[in-house]
Amino acid sequence: MNFDSTAVIGVGYVGLVYALGLARLGNSVVCVDVDRDKMNALESGILPIFEEGLQTLLDEALASKAIRFSSDYDGVSKCDVLFVAVGTPTDPNTGNANLQYLYSAMESIAGVATPGSIIVIKSTVPIGTTMTLQKKLDAEFPDRSLMVVSNPEFLREARAVDDFFNPDRIVIGGSDPQAIERIRHVYRKFEEDGVPFVTCDFYTAETIKYAANAFLATKLTFINEIANLTEVLGGDIQAVAYGLGLDKRVGDQFLKVGPGYGGSCFPKDTLALATIA
């Protein structure tokens with residue numbers, strides 16, 4: 001197998017950062033997204049978002065022909081590893097993640113993927129989804145021998161490029177040891193640099209992602225509650241947060257007082273975890 005032939009399905013915030021990051025690591029990357037205008041713009045070197053360092057990565061990848069952008073799935077047929085990073089917005093009726101885009105992408109992939117390929121789920125999905133996808137592929141495409149792996153992302157907005165190249169950990173969940181090992185190979189540079197790898201089952205990998213976001217949201221909510229208390233009783237909340245953060249058991253990250261948490265991940269992921277629970 002050629003480990004350097006990689007596809008990224010869904011070129012939104014996460015997908016684009018990973019596609020360009022993988023290209024910098026030496027992979028030949030095919031990007032697929034249904035938004036044809038966005039694909040044409042990226043092919044011309046125009047980014048749909050701003051992230052520090054991302055334009056440089058795009059310029060380098062285009063110049064070296066390490067990446068190409070398409071709005072159809074034909075180009076992924078020769079790829080051995082396919083990262084799926086489509087959106088999973090909140091379903092207003094259930095409070096859980098809406099998986100329609102994920103299922104649509106999986107069906108398209110299964111129709112063209114090379115037998116034995118690894119499908120890597122980067123999208124944040126309800127716990128148990130990756131196992132369901134594996135069973136669905138086994139039942140509907142038994143001749144393809146497609147393997148699914150959960151590989152959650154931990155990117156911060158405005159720090160995404162730095163987070164990609166300097167990860168705290170790499171989480172890989174699956175049921176097939178060979179599939180897990182092949183994804184470890186994709187991230188071999190990080191392993192060589194001493195980044196911790198967590199290899200586990202589907203459910204554990206998915207839970208790590210939800211638990212991480214929920215815990216960080218909890219820290220933000222907690223320090224705001226302490227700020228309300230400090231405002232009434234008197235004191236300096238900045239000094240309180242500083243003193244609290246010096247405790248190694250707590251840490252100083254996500255202890256900034258503000259309006260609360262927002263963005264595209266924390267609200268939907270905390271709601272999804274509560275709904276699952």
(request) Working only within region 243-274, note down all residues that are open to solvent by 60 Å² or more (accessible area, probe 1.4 Å) and not in a loop (DSSP other than H, G, I, E, B). (result) Leu271, Ala274
(message) Take the residues in region 208-242 that are surrounded by 13 or more Cβ atoms within 10 Å (Cβ to Cβ) and of a type in the set (Phe, Trp, Tyr); name whichever of them is nearest to the chain's Cα centre (by Cα).
(response) Tyr210
(message) For region 41-63: of the residues being free of Cβ contacts under 8 Å to residues at least 12 places away in the same chain and open to solvent by 80 Å² or more (accessible area, probe 1.4 Å), which is nearest to the chain's Cα centre (by Cα)?
(response) Phe50
(message) Quick check on my filter: what residues within region 199-242 are closer than 21 Å to Ala277 by Cα and part of a loop (DSSP other than H, G, I, E, B)?
(response) Asp201
(message) Among the residues in region 195-207, are any surrounded by fewer than 17 Cβ atoms within 10 Å (Cβ to Cβ), closer than 30 Å to Thr94 by Cβ and among the polar types (S, T, N, Q)?
(response) yes
(message) Taking the criterion of being at negative phi, without any contact (Cβ under 8 Å) to a residue 40 or more places away in the chain and not hydroxyl-bearing (Ser, Thr, Tyr), would at least one residue in region 205-214 satisfy it?
(response) no
(request) Determine, yes or no, whether Phe164 is farther than 22 Å from Gly116 by Cα and of a type in the set (Phe, Trp, Tyr). (result) yes
(request) Output the number of residues of region 78-131 satisfying the condition of being more than 19 Å from Ile276 (Cβ to Cβ), of a type outside the set (D, E, K, R) and either in contact with a strand residue (DSSP E or B) (Cβ under 7 Å, 6 or more places away or on another chain) or crowded, with 24+ Cβ neighbours inside 10 Å (or both). (result) 15
(request) Among the residues of region 157-176, count how many are loosely packed, with under 12 Cβ neighbours inside 10 Å and at pLDDT below 95. (result) 1
(message) Within region 132-147, does at least one residue satisfy the condition of being touching a residue at least 60 places away in the same chain (Cβ under 8 Å) and either of a type outside the set (Asp, Glu) or open to solvent by less than 20 Å² (accessible area, probe 1.4 Å) (or both)?
(response) yes
(message) Of everything in region 4-40, what is among the aromatic types (Phe, Trp, Tyr) and open to solvent by less than 60 Å² (accessible area, probe 1.4 Å)? Give them in sequence order.
(response) Tyr18
(request) Report those helices (runs of 4 or more DSSP H) wholly inside region 148-198 carrying at least 1 residues which are of a type in the set (Gly, Ala, Ser). (result) 160-165, 177-186
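The values are calculated or read from the model by the stated rules, or taken from the named source; none is laboratory data. Remember, predicted model here, so these are calculated numbers, not experimental data. No Cβ is skipped: glycine too gets one built from the backbone with ideal geometry, and neighbour counts run over all protein chains shown. Surface areas here come from the heavy atoms of the whole protein model, side chains and all, with no ligands, DNA or RNA. Shrake-Rupley method; radii C 1.70, N 1.55, O 1.52, S 1.80 Å.
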